[in-house]
Amino acid sequence: MLLIFRAIIVVIYCILVCILGCVYCLFSPRNPKHVATFGHLFGRLAPVLGLKVEKRLPEGYENFGNAIYIGNHQNNYDMVTAANIVVPPTVTVGKKSLLWVPFFGLLYWLTGNLLIDRNNRSKAHGTIAEVVNAFQKRKISFWMFPEGTRSRGRGLLPFKTGAFHAAIAAGVPIIPVCVSNTSNKINLNRINNGLVIVEMLQPIDTSRYGKDQVRELATHCREVMKAKIAELDLEVAEREAAKKKK
């Protein structure tokens with residue numbers, strides 16, 4: 001019963017946000033500031049799902065400037081957890097098929113996100129050039145999921161190199177965003193689904209990496225994120241265990 005109740009609320013809320021959001025975005029279509037606005041609105045669904053999302057931002061994050069944010073991609077709940085920490089003006093890079101998702105697809109495009117065809121390697125290289133060009137022309141940041149797909153409980157998957165090619169070519173830092181584990185954590189028939197921590201780390205300087213060191217940069221970023229995610233998972237487990245004892 002609780003699952004059905006939650007599903008109804010989530011569906012109605014998402015449809016309303018998408019429809020009203022599309023109307024709102026028509027006044028300034030493709031404005032990158034919209035992504036954070038609507039990301040935070042979707043993040044408001046966390047309590048409906050029985051989640052407490054704790055957001056952690058590093059000191060001075062407002063002044064980081066142009067960057068490529070990379071996050072771990074676990075499942076569809078990322079839309080509720082990671083979305084809370086998006087800083088404007090940041091747009092995401094997503095697969096082209098998102099455009100065909102009813103209601104959401106149009107909002108995704110109107111808010112200024114970049115759509116790519118992952119099945120076409122030549123277009124994927126063109127996307128990197130497009131990202132670099134956007135950095136050179138305007139104040140904007142990009143959010144990418146370097147795993148390329150949802151991990152679905154398999155841990156942090158190997159990183160693809162597109163985000164790192166773009167960061168080195170544009171001369172911008174990489175900013176990791178780590179989300180504690182949500183795989184098998186959320187039961188929509190359970191009232192309380194516990195704590196999720198979303199933490200943005202300090203920027204990783206890419207200036208000392210050349211074009212031939214892209215894989216080295218990707219490996220370093222993955223190691224940093226893997227260690228932080230393990231740290232967050234341990235903290236969540238300890239805090240939830242302490243809460244149960246009370």
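Looking across the stretch 79-97 at every residue that is in a helix (DSSP H, G or I) and in contact with a strand residue (DSSP E or B) (Cβ under 7 Å, 6 or more places away or on another chain), the one that is farthest from residue 35 (Cα to Cα) is identified as 96.
Residues of the stretch 1-32 that are within 11 Å of residue 111 (Cβ to Cβ), free of Cβ contacts under 8 Å to residues at least 60 places away in the same chain and assigned to a helix (DSSP H, G or I): 24 alone.
Strands (runs of 3 or more DSSP E) fully within the stretch 126-208 that include at least 2 residues being touching an Asp or Glu at 6+ places or on another chain (Cβ under 8 Å), of a type outside the set (Gly, Ala, Ser) and buried (at least 18 other Cβ atoms within 10 Å of the Cβ): 174-179, 195-200. Of 215, 222, all but one fail to be in contact with a Ser or Thr (Cβ under 9 Å, 6 or more places away or on another chain) and in a helix (DSSP H, G or I); the exception is 215. I'd like to know if the stretch 165-181 contains one or more residues that are farther than 21 Å from residue 93 by Cα and either without any contact (Cβ under 8 Å) to a residue 40 or more places away in the chain or of a type in the set (Val, Ile, Thr) (or both). No. Using the structure shown, decide if residue 63 is open to solvent by 20 Å² or more (accessible area, probe 1.4 Å), out of contact with any Ser or Thr (no Cβ under 6 Å at 6 or more places or on another chain) and within 23 Å of residue 156 (Cβ to Cβ). Taking the combined requirement at face value, the residue does not satisfy it.
Residue-wise test of (1) closer than 15 Å to residue 140 by Cα; (2) of a type in the set (A, V, I, L, M, F, W, C); (3) at pLDDT 95 or above.
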residue	(1), (2), (3)
6	no, no, yes
24	no, no, yes
32	yes, no, no
59	no, no, no
72	no, no, yes
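Just to be sure, is residue 229 touching a Cys at 6+ places or on another chain (Cβ under 7 Å) and in a helix (DSSP H, G or I)? Yes. Number of residues in the stretch 226-246 that are closer than 16 Å to residue 53 by Cβ and among the aliphatic types (A, V, I, L, M): the value is 3. Of all residues in the stretch 110-119, one or more are surrounded by fewer than 15 Cβ atoms within 10 Å (Cβ to Cβ) and modelled with pLDDT under 80. If the requirement is being of a type outside the set (Ser, Thr, Tyr), in contact with a helix residue (DSSP H, G or I) (Cβ under 9 Å, 6 or more places away or on another chain) and open to solvent by 10 Å² or more (accessible area, probe 1.4 Å), which of these qualifies: 91, 87, 23? Result of the check over 91, 87, 23: 87.
The values are calculated or read from the model by the stated rules, or taken from the named source; none is laboratory data. Remember, it's a predicted structure, so these values are computed and weren't measured experimentally. Heads up, the Cβs are rebuilt from the backbone with ideal geometry, glycines too, and the neighbour counts pull from every protein chain shown. In case anyone asks, the SASA skips ligands and DNA or RNA and just uses the protein heavy atoms, side chains included. Shrake-Rupley method; radii C 1.70, N 1.55, O 1.52, S 1.80 Å.
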